[in-house]
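Before any comments, here is the structure.
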Amino acid sequence: MTVAQLLDELAKMPEEAVVLMENGGGLSRVSALDFVAGRGPGAPAEVILLPSTDE
């Protein structure tokens, strides 16, 4: 999924909805994003969703 595709899907959701991600055997809130620039020829940039450690 690209950032554009993610934004399109998120735009369909209620603004107050909480974003969760699978984390082992359960769900965690997404607390931050990490950007990694493409490394090497043809390698795409990546956005990594980071789970909350408060749960």
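All of the numbers you see were taken from the coordinates with simple rules; none came from a lab. Here the structure is a predicted model, which means the values were calculated and not measured. Heads up, the Cβs are rebuilt from the backbone with ideal geometry, glycines too, and the neighbour counts pull from every protein chain shown.
Structure data summary
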{"quantity": "Helix-only CD estimate at 222 nm, as mean residue ellipticity for the chain, using -39500 (n - 2.57) per DSSP H run (n ≥ 4)", "calculated": "-4500 deg cm²/dmol"}
{"quantity": "Correct option for Rg/Rh (Cα atoms, Kirkwood Rh) [calculated from the coordinates] among (i) 1.03; (ii) 1.58; (iii) 1.12", "calculated": "(i)"}
{"quantity": "Separation of the Ile48 and Val19 label points, Cα + 7 Å toward Cβ, nm", "calculated": "1.6"}
{"quantity": "Sequence ranges 19-29, 40-50, ranked by mean other-Cβ count within 10 angstrom, highest first", "calculated": "19-29, 40-50"}
{"quantity": "Surrounding net charge for Val3, when Lys and Arg each add one and Asp and Glu each subtract one, Cβ distance under 12 Å", "calculated": "-3"}
